[in-house]
1. Being in the same structural domain as Ala135 (by TED's automatic domain parsing), open to solvent by less than 40 Å² (accessible area, probe 1.4 Å) and over 20 Å from the mean Cα position of the chain (by Cα) is true for just one of Gly171, Gly179. Which residue is that?
2. If you take the residues of the range 109-133 that are touching a residue at least 24 places away in the same chain (Cβ under 8 Å) and of a type in the set (Val, Ile, Thr), which of them is surrounded by the most Cβ atoms within 10 Å (Cβ to Cβ)?
3. Can we say Ala136 is open to solvent by less than 60 Å² (accessible area, probe 1.4 Å), away from the ligand (no atom under 11 Å from the Cβ), under 27 Å from Tyr24 (Cα atoms) and assigned by TED's automatic domain parsing to the domain that holds Gln30?
4. Identify, by number, the condition in (1) farther than 17 Å from Asn245 by Cα; (2) within 10 Å of the ligand (Cβ to nearest atom) that Ile162 doesn't meet.
5. All but one of (1) touching a helix residue (DSSP H, G or I) at 6+ places or on another chain (Cβ under 7 Å); (2) away from the ligand (no atom under 13 Å from the Cβ) hold for Gly242; state the number of the condition that does not hold.
6. Scan the range 276-331 for residues that are assigned to a helix (DSSP H, G or I), touching a helix residue (DSSP H, G or I) at 6+ places or on another chain (Cβ under 7 Å) and without any contact (Cβ under 8 Å) to a residue 40 or more places away in the chain and jot them down.
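The values are calculated or read from the model by the stated rules, or taken from the named source; none is laboratory data. Given the structure is predicted, the values throughout are model-derived calculations rather than measurements. Positions of Cβ are generated from backbone atoms using ideal geometry, with glycine treated the same way; all protein chains shown enter the neighbour counts. Remember, those area values only see protein heavy atoms, side chains included, never the ligands or the DNA or RNA. Shrake-Rupley method; radii C 1.70, N 1.55, O 1.52, S 1.80 Å.
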Amino acid sequence: MAVKDMKRVFSGVQPTGNIHIGNYLGAMKQFIELQNENECLYCIVDMHSITLPQDPKQLRQHILDVAALYMAIGLDPKKSIIFVQSDVSGHAELSWVLTCNSYTGELSRMTQFKQKSKGRESAPTGLFTYPVLMAADILLYDTDIVPVGNDQKQHIELTRDIAIRINNKYGKTFVVPDGKFVKSGARIMALDNPDAKMSKSAENPHSRISLLDEPSKIKKSIMKSTTDSEGVIRFDVEHKPGISNLLSIYSVFADETVEALEARYEGRGYGDLKKDLVEVVINNLTPIQERFKEIRQSQELLDVLQDGAERAGVIAEATMKRVKDRFGLGWK
Ligand code: AQP
């Protein structure tokens, strides 16, 4: 396919540790398929992670962990640009321009901000303006497609609104992007509370399965996951959120439909389903973990990030030049 016919894809993951199967099935797995027919940029969004306090030494390690995980799940640096957000200054620059063109009213409506600032008397400003930085990440690269989990739908809508608003006011400046969501696995729920999404920051480690979890931990988390007392294996998110969540995870990892799983487990107990799921998850994660160990220690990883930053920087610079021209910033 000629480069001009390719779509531009951008997405990112925060290096906040504990990258879990929700991140993988909801977003990262899509990255791999997309890289074959599109021009893809996959970012480690470290500037997003400091919206809440991070240990600086640990953050550096987590940045390299996510980069190594990107490659371990199958991202090929010859096909995709893999880079760290703070290596390209255009993210912060564009974010300011977009901040001046967004409104406190629309940012106040973001459910993620409401959740993360809940119970705080005063929240960090970055937590409030985070969706604008995300819009900058996307618009900086003239992105057509943004593969993300369902929880990011509202942020993609905001990105589109800001892009359209600026295009209408200043003339065509940005490509208006579309979100891309998987049919199954776009919202993986917490194992200990299937009414909440699986998340990196949840206190209970058994609420999630991290991509780097040991087999014994995976087993424990799945076997003790919350279900219900009906004893029937049936997909019904409203009445059986726990079992439905396990079926979704099973279905995507085993590449089988939920219907086929329901038929296989008809008349059988939750213990059988959980035991088999443990095996399916471990079989999928073991090869990723083996590749991760190799890549994480390699010089190649650092070379990939250096090269990625340079390639992303070229695209970002062209966009920033256009933005400055449109807004009348600078004098060159
Ligand atoms: N539970 C989930 N199911 C499906 N997709 C999910 N994503 C996150 N959680 C789920 C998607 O993973 C991508 C990367 O997420 P992120 O690093 O930007 O952070 P997040 O959305 O804030 O994820 P977490 O894990 O819930 O972290 P904390 O606990 O720090 O808030 C995104 O595409 C996201 O949609």
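1. Working: Gly179 fails: over 20 Å from the mean Cα position of the chain (by Cα).
It is Gly171.
2. Val132
3. Values: open to solvent by less than 60 Å² (accessible area, probe 1.4 Å): yes; away from the ligand (no atom under 11 Å from the Cβ): yes; under 27 Å from Tyr24 (Cα atoms): yes; assigned by TED's automatic domain parsing to the domain that holds Gln30: yes.
Yes; evaluated as a whole, the condition is true for this residue.
4. All conditions pass for Ile162, except number (2).
5. (1)
6. Selection gives Val280, Asn284.
Matching residues to (1) of a type outside the set (S, T, N, Q); (2) touching a Ser or Thr at 6+ places or on another chain (Cβ under 7 Å); (3) modelled with pLDDT under 95; (4) outside the structural domain of Met47 (by TED's automatic domain parsing):
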| site | (1), (2), (3), (4) |
| --- | --- |
| Glu93 | yes, no, no, no |
| Trp96 | yes, no, no, no |
| Thr99 | no, yes, no, no |
| Tyr103 | yes, no, no, no |
| Glu106 | yes, no, no, no |
| Phe113 | yes, no, yes, no |
| Ser117 | no, no, yes, no |
| Pro131 | yes, no, no, no |
